[in-house]
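Input: a single structure, listed below in structure tokens.
Since every read-out is calculated from the coordinates, none of them should be taken as a lab result. What you see is a predicted model, and the numbers here were worked out from it, not measured in a lab. Cβ placement follows ideal geometry from the backbone for every residue including glycine, while neighbour counts extend to all protein chains displayed.
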Amino acid sequence: MRIPLNRFDEYIDDAILKRGLTYFRNGKVHEPEEGAAGEYEAVVEGTEPYTVRLVIQQGVVVEHVCSCPYDAGPVCKHVAAVLFYLQKDELGLRVKKATTKADGAKKPAKRKTVAERIDALLETVDPGDLKQFVREQASENVQFRNLVLATFATPDSGGSKSYYTQQLTAILRSGKDSSGFIGWSASNRVARGVVNILEIARKHFKARNEREGLLVCMAIMEKLVGALQYADDSDGSISGCISDAY
């Protein structure tokens, strides 16, 4: 669901809005960190800490994902709370907090974005250490491994559609619950993984490797059309990937 940031209250259920506003006012929302332009991540202190990720393009929230288990609707209270945080100045909202001696102190300088901090780190980290880190994480974390393979690995010259099908199968498997169903929140995570595969297709087409690009797109369409039978795609994230591949 696409949500205009300055009118998000018109797109979210009133009960969810009220709970989200309460979370915001009670200081449950950590300051969102900006990664790439328009990409935000924030932790909301709920029953346990939950991570909310938003992608905002031209004033419209085009993607919103929360790590909480809520699946009764397209937007949870944690996402709503972060939206209130981002719009707090426009809405004239304040977080409830006790008066402290620090009140009135000089406002701290704006923190660097996640992307800026990562860039600074990559300038100083030893390439060998970075390679070893990737190896270790890829051996221990299936989702990270799939992301690395989907983003950087290329098949042998004259690669086959089955190569990409295997990558997509792994991405879909990582989003399934114990019953084999991909819930609403997991479907967004799956879509993010598929986007990396789509990027491979774009690179092939840009390099005039039409055959490889078509193989990627065919694999995406075949795997994802079938996945719609066991996934909650009410947000359109998976079907959006199918459209992009088409």
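In nm, give the distance between the simple-model label positions of GLU33 and ARG202, each being 7 Å from the Cα along the Cα-to-Cβ direction.
It is 2.4 nm.
Using Cα pairs under 8 angstrom and six or more residues apart, how large is the relative contact order of the chain, in percent?
Relative contact order of the chain: 16 percent.
Would you work out the Kirkwood radius for the chain? I mean one over the mean of 1/r across all pairs of different Cα atoms, in Å.
By the Kirkwood definition, the hydrodynamic radius is 20.2 Å.
By its C-alpha gyration tensor, with a ≥ b ≥ c as the square roots of the eigenvalues, how is region 126-245 shaped: rounded for a/c under 1.5, else prolate for a/b larger than b/c, else oblate?
Verdict is oblate for region 126-245.
Between SER243 and LYS96, what's the calculated FRET efficiency when r is the beta-carbon distance and R0 is 45 Å? Round to 0.05.
Result of the calculation: an efficiency of 0.55.
Across the chain, where is the longest run that never hits trypsin sites (Lys or Arg not before Pro) in a DSSP loop with at most 15 other C-beta atoms within 10 Å?
113-207
About its Cα centre, what dipole magnitude does the chain give when the only charges are +1 on Lys and Arg Cβ and -1 on Asp and Glu Cβ, stated in debye to the nearest 20?
Dipole of the chain, to the nearest 20 debye: 500 debye.
Per DSSP helix of 4 or more residues, -39500 (n - 2.57); summed, then divided by the residues of the chain. What does that give at 222 nm, rounded to the nearest 500?
Mean residue ellipticity at 222 nm (helix-derived): -16500 deg cm²/dmol.
Which entries of LYS161/LYS203; LYS18/LYS88; LYS131/LYS176; LYS203/LYS223 have Cα-Cα distances beyond 24 Å here?
LYS131/LYS176
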